[in-house]
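Below: one structure, written as structure tokens.
Values in this text are rule-based calculations from the coordinates and carry no lab data. Quick caveat: nothing in here was measured; it's all calculated off a predicted structure. Cβ coordinates were reconstructed from backbone atoms using ideal geometry, including for glycine residues, and neighbour counts include every protein chain displayed.
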Amino acid sequence: MKNNICLDGVVRRFVILKNTEINRKLSWSRVLHPFQASSLSSRMDDTEVWPEIEKAAAEKRRELVLHGPAIDQRISSNQGLSSSIYSLQLLNYLEVSQCPSLTEIHADIQLLTNLQSLILCRNKLASIPHVIGRLKSLKVLDVSVNNLTAVPEEISQLPELTTLNVSCNSLELLPEGLSRCSKLSTINVSKNRLTAFPPDLFSEGLDLLSTLVASDNCIQELRGDIQQLAALKVLDLANNKLNEIPWNLSDCPKLKEINFRGNKLSDKRLEKMVNGCQTKSILEYLRGKGRGRQVEEGGDADGGRQPDKKKKQQQRKRKEKVAEEQEEVEEVRKMAVRVLHVSDAPTALTVQVSADVKDVRPYLVCCLVKGMNLKPGNSLKRFLMAQTKLHEDLCGKRTIATIATHDAELLKGPLVYGVRTPTQLKIVPLGRREMTAVELIRLLHLEADELRKQKKRQNVTGLHKYLQLLQGKSQYPCLVDAEGDVISFPPITNSEKTKIKKTTKELFLEVTSGTSLQTCKDIMDALIVKMAELNKFTAEHQEEAGSDVESDAAPNPSSSTETSSQLVIQQLRTTDQDGNLKVVYPSKTDLSDNINNLTVIW
């Protein structure tokens, strides 16, 4: 009798659980169009509804971000994304990133017809489904850092597409028909295996294209019809196989920034210029070549014959122009950074790394920089914008690494890089009062929700877009000074205590990463190169710049090779808790493979 009662209870519990599961699936089917429900029903029988997806459905969210090891583990167990994600019809922003187990996207992605941004970066995607062309509202497509060997031609059927990022893949060709995406403003195809651009890329159909990044490919030719890109502002073709730059490039009316470094050009004078000169000088040189060609053909701008006297005058002006450009090249080559050995500054800051950061954010590189002139005009603003751009590009929106800059005179050493729990980590964030990490994260979430309501869109800007990087972490990394104050909370913010200003004379730079030590070094290299370029720009365009640079920016003032724009990099040691050396930056192997116009003086 007792056995029968026990068995009866088990059966009842099984029936209740089964009915609960059926009801849950029915509730999902109610939010779907009939044909969508039928297409997903068979797959949903075998698929668990993830809590993030369930919450997005319940709250009718328009934004969903899935990334990191926990999501990757689910994808691996499920052999793909949960099929329930394709039922979220209201989504206009979907991000699935940093999941090596994600190798394909199901064709049901076509059901998300309201998608405006699809971010699938840093996975292992081998292909993009052809049905991508049915997402007619899509504006941003980012499939960077995957294993793609081809992009479907159906991408050309996206009429609202403004941004296409397929960088860091293995593409050998781009699909033809991109000119039909008439709203395209940014294309990034860097770090692939492209040998040429599609024939219709340089057409009047792309009259809004302002940024074209195609560095680190195998492109052999840049056609002269590039001048048809009337809105082009940024063109990056560094590290390709070009041997000519068409003079027609100078006819792009809005072109402000070009990069052809790393190409072996047949015009050696031009090659020197692209490795060192400002965009304006290069375009002037190309423009001169265009005029020279017209002269050689025996005609002026109106097609008539020019008198011999006029020819001689133009030839003389061209020679004078070339001489000026050569002088400019020589001046650019003076851009240098001087490295002070750590032994030359026995009282220099030291940074100790605690063992407990190993499982949180283990890698750190630091140095001191003197001679950065932030006072004139917009020099500070340009520096901060450059840092933001590095965060967006090289740092992978802070997923790869995070840069922090401090006023070194406000630091109290030695510094300790360790971890604290969210309730114990206290910081005075930039422009805010002191608060714990828990309070800061809660406040940023509230601000993000308010921004979404005000702007009537789901994706947010500023610090709010980095909150996802802390999800699931029980401890947060932080850099603490000798007074016990947290001066840096990567990847979110710095402290107001060490905020840089126009009057800052010496900067403390830090780069942290969970990827590798070499990643930190590479990004620090890029930051210093950018600082050198900005400092030189300030020296050339601001009359008061020279008077604002402190005398310690040039330790050897008698040297005739030094200029007021020179930076001085002080090596810093990073040690473990026992005082054992972990890294010294910069070392002899750092800052060695950068642009040709930067000279490192040891």
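Compute the Cα gyration tensor for region 99-231, then decide on rounded, prolate or oblate, letting a ≥ b ≥ c be the square roots of its eigenvalues: rounded whenever a/c is under 1.5, prolate when a/b is larger than b/c in the other cases, and oblate in all that remain. Note, shape of region 99-231 comes out oblate. Taking every C-alpha pair closer than 8 Å and separated by at least 6 residues, the mean separation divided by the residue count of region 161-246 gives a relative contact order of 27 percent. For THR599, nonlocal amide neighbours, meaning residues 5 or more places apart or on other chains whose placed amide H falls under 5 Å from its own, are ALA336, VAL337. What the Cα convex hull of region 43-104 gives, in volume per residue, is 80 Å³. Among the trypsin sites (Lys or Arg not before Pro) in region 53-97, those placed in a DSSP loop whose Cβ has at most 16 other Cβ atoms within 10 Å are LYS60. Report the one residue of ALA70, LEU91, GLN116 whose Cα lies farthest in the direction of the positive end of the charge dipole of region 42-147 (charges on C-beta: Lys and Arg +1, Asp and Glu -1; origin at the Cα centre). Value: GLN116. Shape index of region 200-279: Rg/Rh, with Rg the Cα radius of gyration and Rh the Kirkwood radius from the inverse mean 1/r over Cα pairs, equals 0.94. Computed from backbone phi, the HN-Hα couplings of region 566-580 come to 5, 9, 10, 9, 8, 4, 10, 8, 10, 10, 8, 5, 8, x, 6 Hz, rounded to whole numbers (Karplus: 6.51 cos²θ - 1.76 cosθ + 1.60, θ = phi - 60°; Gly and Pro given as x).
Mind running the shape call on region 236-276? Use the C-alpha gyration tensor, a ≥ b ≥ c as the square roots of the eigenvalues: rounded below 1.5 for a/c, prolate if a/b tops b/c, oblate otherwise. Prolate, because a/c is 1.5 or more and a/b exceeds b/c. Each residue of region 491-507 is assigned a 3J(HN,Hα), and the resulting list reads x, 9, 7, 9, 9, 4, 4, 10, 4, 7, 9, 4, 8, 4, 9, 9, 10 Hz, derived from the Karplus form 6.51 cos²θ - 1.76 cosθ + 1.60 (θ = phi - 60°), x at Gly and Pro.
Each residue of region 380-389 is assigned a 3J(HN,Hα), and the resulting list reads 5, 4, 4, 5, 5, 5, 5, 5, 4, 5 Hz, derived from the Karplus form 6.51 cos²θ - 1.76 cosθ + 1.60 (θ = phi - 60°), x at Gly and Pro. Both radii were evaluated on the Cα set of region 42-147; the Rg over Rh quotient, with Rh as the Kirkwood radius, amounts to 0.92. Are any of the pairs LYS426/LYS453; LYS254/LYS536; LYS280/LYS582 more than 32 Å apart by Cα-Cα distance, and if so, which? Checking Cα-Cα distances, LYS280/LYS582 exceed 32 Å.
When the C-alpha to C-alpha distance is required to be over 30 Å, the pairs from LYS139/LYS289; LYS55/LYS358; LYS241/LYS370; LYS233/LYS530; LYS412/LYS473; LYS139/LYS473 that qualify are LYS139/LYS289; LYS55/LYS358; LYS241/LYS370; LYS139/LYS473. Here the gap between GLU447 and GLN518, fully extended at 0.36 nm per residue and compared with their Cα-Cα distance, gives a gain of 22.0 nm. Site pair SER170 and ALA107 shows an inter-label distance of 2.5 nm when each label is modelled 7 Å from Cα along Cα→Cβ. Full extension of the chain between HIS341 and ARG223 yields a length gain of 37.7 nm, computed as 0.36 nm times the residue separation minus the alpha carbon distance.
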